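Accompanying notes for the structure given below.
Values in this text are rule-based calculations from the coordinates and carry no lab data. Small disclaimer: the values here were computed from a predicted structure and weren't measured.
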Amino acid sequence: MQTPAHRHGATADPQSRDASQPYTAHSDTPVHRDTSVHRDTSVHPDNPAAASGPHGRSTMAVALPVAAALLYGLWTVFVDRTSGSSLGHAWLLGLITAVVSGVLGLLLVRVQPTLVTEVRALAYGAFFGTAIGYLYSISGTAGHTTLESVRMGAVMGAVMFAVSLYIFRTHRVREPHGEHRPRRTHHHPHPSN
């Protein structure tokens, strides 16, 4: 019988349990303590989870979307300025796109652990495709239409969806709803019976 803990990757093997979890003397069940009163936030080399922030978020989960938003804003400034806009207009547009993409990126990072693999990859694809399609639309090259910008965004979003899906499926064992396609044992009757 599988308990909810088994479906989410927990094992009863005492060798594979987390050393930071105290166990009772008579079972392999961890003792749950209220960690809201005292939380050890010091960084230990054998416990990378201790480096996370106050809500269990690592600093990388915040730094990557913020850095990507800043780069996207600067890229927007460059694209808008080279298409003939004034310097003030280009910087204002870059600031707006950096703030909007940063907020959306942080929101996506925050909700991604609750999403199923395919939906998470679709969200990353849609976000990336929209960003690239927008930059393509403001590039100012003669002959760009809205349909061409949508097509470019859709192509780049599809590429990002495929890459994200590959990465999420090959590098993650656990899903928020359980294992991704858990293996089932097939019992075939022996041919001699």
- One would report the Cα pair-distance distribution of the stretch 74-172, bin width 10 Å, in %, as 16, 38, 31, 13, 2
- Euclidean distance between Cα centres, the stretch 137-160 to the stretch 105-123, Å: 24
